[in-house]
Amino acid sequence: MTQITTKEQYEWAVKRVEELLPLVHDDTPRNDPASIELEILSNLVADYSENNFSIGEPTLNDVIF
């Protein structure tokens with residue numbers, strides 16, 4: 001998968017990231033398969049979220065009040 005294009009793919013990827021998080025720690029080697037999968041899926045989820053759920057930049061009025 002090179003890009004998440006549907007909500008179903010997104011939901012699957014989020015669930016998989018949640019499964020991988022307990023398996024990967026700061027001392028996990030970067031070449032560990034779980035670490036690699038977590039990094040790839042996290043980036044895909046972040047890209048999809050940014051493109052589909054972005055709240056945008058706050059206006060000056062939002063910042064002041």
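Of note:
- Mean separation of Cα contacts under 8 Å, 6 or more apart, over the residue count of the chain: relative contact order %: 39
- Calculated [θ] (222 nm, deg cm²/dmol) that DSSP helices of n ≥ 4 give over the chain, each run adding -39,500 (n - 2.57): -19500 deg cm²/dmol
- Residue separation of Ala46 and Gln9 scaled by 0.36 nm, minus their Cα-Cα distance, works out to 12.0 nm of gained length.
- Directionally averaged projected area (the chain, Cα convex hull): 6.3 nm².
- Efficiency of FRET between Ser54 and Leu21 - r from beta-carbon atoms, R0 22 angstrom, step 0.05: 0.40
- Charge tally around Tyr48: other residues with Cβ under 12 Å, Lys/Arg +1 each, Asp/Glu -1 each, net -3.
Taken together, the values in this text are just the output of simple stated rules run on the coordinates, not laboratory data. Bear in mind that the values here come from a model prediction, so they are computed numbers and not experimental data. Don't worry about glycine lacking a Cβ; one is built from the backbone with ideal geometry, like all the others, and counts go over all protein chains shown.
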